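First comes the structure, then the notes that go with it.
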Amino acid sequence: MMNYLDSLNEPQREGVMNTDGACMIIAGAGSGKTRVLTLRIAHLIQSQHVDPFNIMALTFTNKAAKEMRERLENMVGSDAKNLWMGTFHSVFARILRAEAHHLGYPSNFTIYDTDDSKSLLRSIIKGLNLDETQYKVNVVYNRISSAKNKLVSWQEYISNPILTADDTANMRPEIGNIFKAYALRCFKSGAMDFDDLLFNTDKLFKEHLEVLNKYQHRFQYMLVDEFQDTNLCQYFIIRKLASVRENVCVVGDDAQSIYAFRGADISNILNFEKDYPDLRIIKLEQNYRSTQTIVEAANSVIAKNKAQLPKNVWTANEEGNLIELIKAVSDNEEGKLIASSIFEEKMQQQYKFSDFAILYRTNSQSRAIEEALRRMNINYKVVGGLSFYQRKEIKDVLAYLRYSLNQQDEASFRRIINYPKRGIGDSSIDKIVVAANDHAISIWEVLQNASSFLGSRAAGPIEDFVTKIKRFGIEIQNKDAYDAASDIAKSSGLMKELYEDKTVEGLSRYENVQELLNAIKEYVEDPEKEDKSLGAFLQEVSLITGQDENKDNDPDKVTLMTIHMAKGLEFKNVYIVGMEEDLFPSQMMLSSRSELEEERRLFYVAITRAKKKLFLSYALTRYRFGRLKNCEPSRFLDDISSRFIKVSKKLASVESTPNPNFAKSFVSGMKKTVASQPVAKSTAYKPSADFAPSDTSALKVGMKVEHPKFGFGSVLKIEQLGSERKAMINFADFGEKTLLLSFAKLKIHEN
């Protein structure tokens, strides 16, 4: 153990050895908190001879618990197996297995997962004859979950005039009755959902003091990781268990509290000292992960928050590169610039693709990035979610589009026939398929003659469906891809279905569909696309998704993920994309200071994932809801001191020398540039009548070229990057552009 202590800095050593009494370890990003927490437990077992059965260590993920247990086993041997270590839910489920009879539950109670809970709620909503479109199961589930995490029982919920008035205002006055029915059905079935594992543990300790006393004396030492992410219920349980001995150690970083939407309450860590006046506060402020530039830039950002615990994170690492700011005219160009940048960094620095991560605020942003990476044959993986075109809501919309185009597509038929729900059950679908097989005709023919095969009662909803599909077919023939797709998405009821789901997941799905429509709009407005039909777009998408399916299992891939998913991870090179107002910070998080400060903490988390180099990017225009929207750079760019930023070399029209109002002056200059070059101009250029791409292998500096989108220009510079060549070209109407010659379609003109 002493060897381990010798490798620690002074605050880390203090965090390991001072084990008695209440302690809060404020652990800055990259400061080695997991190591300190693990060594603290090892110190209790080896040096202070505490029985592992008397130690409770709570984590937020099974992965974190597993890693800590493995480290401990290497240090203290098999004794580590006796620790009460795990997630809040797993540890308290263990207690409830032994004590559930006090609450009237069997010891072998069932634990409902999220799908089980939603299935039961769906049954209750139907049984109460409530409108399923008004009482969406996701909305109801989240409402009940939020109540239980705040220790509100169904009895208290129904009798609370504020909660019931809120439900009435949201046109869902029966949620209290659904909550009651759900709780009683779970109890009758001997089942608890995930929230009940916490709610019932608190109830057990509150109503049965002899049980609480038993566990208060069993757990002589308590340790809680990621304390900033605890909710009210979790905090109350911790406080109850620790109230006798007060040997409780919480570890966390208020600057990384980013889960308020899941119920996390930052006040738990900010106000912890109020419950423990003799609290020992230890600050781990040395960052071992990032360069000085990244650490100081992160500090300059988080310093703008008012609600925080004071600390001064620093590092002895090298100064490192300046943060590179990438400006793009559009979100598509943003993707291309980032893909190009990754390619260049990899070649110049001999990195692996796995050394790069691209972080975004919302899942829908991945679409433009993914397509740009594919075009450059850069392998990538999407962490915590599916590739854009593999997401359920995207597949649903594409199924509608495909079936409207081709009524022989059985896979698409099965996907959309009863989504959104239109009263066509599984038995009716089975009868349709059987009828088609028995009469050797297509499913579409059966649908068009539904009354003959299914009877008039079952035929009504099907006839309505057939009428819609026929109308959609006419739309496809008479409109371009975007207008047709937009109408189909709306008229099918799919957009309404997604829009009415106001949960975090529901909003994400709605944004993803909007991003699909944005992609179709861009496709239609691309002057290089001669065929603007929906069929042509679907063909292109099929080729893209086909590439996804054929990718190998090479682990060397660029990582794409939301910033929330990136917490706890680190990468040599990090790109934070979409640094624009209303995107990051999100327009849904601007109604209060606390919301804005959470968004700033999210930016802080993103910055501190980077070890060596950090890139920030934004676009001046982005398609939103099918319209090209002018964007303003994020206010968070102004939070970073200008001395830590340089403008990307790709931005020849912008000065690279920072000034005191760097972001504002940079934005102002770029807006003038864009104002003088309307975005619409890029769609107005028409190539020469005899335009045909030339062989660019002999392209030289000074040559005149023509591009089908950017028009005429002069070659300023040519560079070789491995097997790739790129050219910097000054276009008369669009300024300087850097193009990869293997992708650019250039016609060489005589000087």
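The values are calculated or read from the model by the stated rules, or taken from the named source; none is laboratory data. Note that the structure is a prediction, hence the values are computed from the model and not measured. Glycine gets a Cβ as well: all are built from the backbone with ideal geometry, and neighbour counts include every protein chain shown. Side chains included, ligands, DNA and RNA excluded: accessible areas come from the protein's heavy atoms. Shrake-Rupley method; radii C 1.70, N 1.55, O 1.52, S 1.80 Å.
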Which numbered condition in (1) more than 21 Å from Y523 (Cβ to Cβ); (2) buried (at least 16 other Cβ atoms within 10 Å of the Cβ) is the only one that D483 fails?
(1)
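Scan region 271-288 residue by residue and report those that are in contact (Cβ under 8 Å) with a residue 24 or more places away in the chain, surrounded by fewer than 19 Cβ atoms within 10 Å (Cβ to Cβ) and either charged (D, E, K, R) or in contact with a Pro (Cβ under 6 Å, 6 or more places away or on another chain) (or both). Write out each step before concluding.
We begin by selecting, within region 271-288, every residue in contact (Cβ under 8 Å) with a residue 24 or more places away in the chain; these are 272-273, 275-276, 278-288.
Checking which are surrounded by fewer than 19 Cβ atoms within 10 Å (Cβ to Cβ) leaves us with 273, 275-276, 278-281, 285, 288.
Correct list: E273, D275, D278, R280, E285.
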Out of the helices (runs of 4 or more DSSP H) lying entirely within region 94-190, which hold 1 or more residues that are of a type outside the set (D, E) and in contact with a Cys (Cβ under 9 Å, 6 or more places away or on another chain)?
114-127, 137-149
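Search region 149-200 for residues being more than 21 Å from F236 (Cβ to Cβ), of a type in the set (D, E, K, R) and in contact with a helix residue (DSSP H, G or I) (Cβ under 7 Å, 6 or more places away or on another chain), and hand back the single one that is most open to solvent (accessible area, probe 1.4 Å).
Our first condition is that a residue be more than 21 Å from F236 (Cβ to Cβ); within region 149-200, this holds for 158, 161, 164-178, 180-182, 184-191.
So of that shortlist, the ones also of a type in the set (D, E, K, R) come out as 166-167, 172, 174, 180, 185, 188.
If we keep only those that are in contact with a helix residue (DSSP H, G or I) (Cβ under 7 Å, 6 or more places away or on another chain) too, we end up with 167, 180, 185.
Working: D167: 7, K180: 80, R185: 101 Å².
Looking at residues that are more than 21 Å from F236 (Cβ to Cβ), of a type in the set (D, E, K, R) and in contact with a helix residue (DSSP H, G or I) (Cβ under 7 Å, 6 or more places away or on another chain), I get R185.
Pick out the one residue from K611, K646 that is modelled with pLDDT under 95 and either in contact with a Ser or Thr (Cβ under 7 Å, 6 or more places away or on another chain) or part of a helix (DSSP H, G or I) (or both).
After applying the criteria, what remains is K646.
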Would a scan of region 39-48 turn up a residue that is open to solvent by 80 Å² or more (accessible area, probe 1.4 Å) and either of a type outside the set (F, W, Y) or part of a helix (DSSP H, G or I) (or both)?
no
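Name the one entry in L401, L447, L386 that is surrounded by 16 or more Cβ atoms within 10 Å (Cβ to Cβ) and either among the small types (G, A, S) or within 30 Å of G506 (Cα to Cα) (or both).
On the way: L447 fails: either among the small types (G, A, S) or within 30 Å of G506 (Cα to Cα) (or both); L386 fails: surrounded by 16 or more Cβ atoms within 10 Å (Cβ to Cβ).
After ruling out the rest, the residue left standing is L401.
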Have a look at S146, S117, S123 and point out the one that is among the small types (G, A, S) and open to solvent by less than 20 Å² (accessible area, probe 1.4 Å).
S117
Can you tell me which of K468, K502 is farther than 21 Å from A519 by Cβ, among the basic types (K, R) and not in a helix (DSSP H, G or I)?
K502
Which numbered condition in (1) open to solvent by 10 Å² or more (accessible area, probe 1.4 Å); (2) free of Cβ contacts under 8 Å to residues at least 60 places away in the same chain; (3) on the phi > 0 side of the Ramachandran plot is the only one that G86 fails?
(1)
For region 581-600, what are the residues that are open to solvent by 10 Å² or more (accessible area, probe 1.4 Å) and assigned to a helix (DSSP H, G or I)?
Q587, M588, M589, R593, S594, E595, L596, E598, R600
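For the subset of region 265-294 comprising residues that are among the acidic types (D, E) and more than 20 Å from Q12 (Cβ to Cβ), which member is nearest to the chain's Cα centre (by Cα)?
So in region 265-294, the residues among the acidic types (D, E) come out as 265, 273, 275, 278, 285.
Add one more test, that the residue is more than 20 Å from Q12 (Cβ to Cβ), and what stays is 265, 273, 275, 278.
Working: D265: 20, E273: 33, D275: 34, D278: 39 Å.
Only one residue tops the list, namely D265.
Quickly run through region 61-75 and pick out the residues that are surrounded by fewer than 21 Cβ atoms within 10 Å (Cβ to Cβ), in contact (Cβ under 8 Å) with a residue 12 or more places away in the chain and touching a helix residue (DSSP H, G or I) at 6+ places or on another chain (Cβ under 9 Å). It would help to see each step written out before you state the result.
First, the residues of region 61-75 that are surrounded by fewer than 21 Cβ atoms within 10 Å (Cβ to Cβ): 61-67, 69-71, 73-75.
The next check asks that each one be in contact (Cβ under 8 Å) with a residue 12 or more places away in the chain; those that pass are 61-62, 64-65, 67, 69, 71, 75.
Answer for region 61-75, where residues must be surrounded by fewer than 21 Cβ atoms within 10 Å (Cβ to Cβ), in contact (Cβ under 8 Å) with a residue 12 or more places away in the chain and touching a helix residue (DSSP H, G or I) at 6+ places or on another chain (Cβ under 9 Å): N62, A64, A65, E67, R69, R71, M75.
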Of the residues I144, I175, which is in contact with a Lys or Arg (Cβ under 6 Å, 6 or more places away or on another chain) and either under 24 Å from E497 (Cβ atoms) or at pLDDT below 95 (or both)?
I175
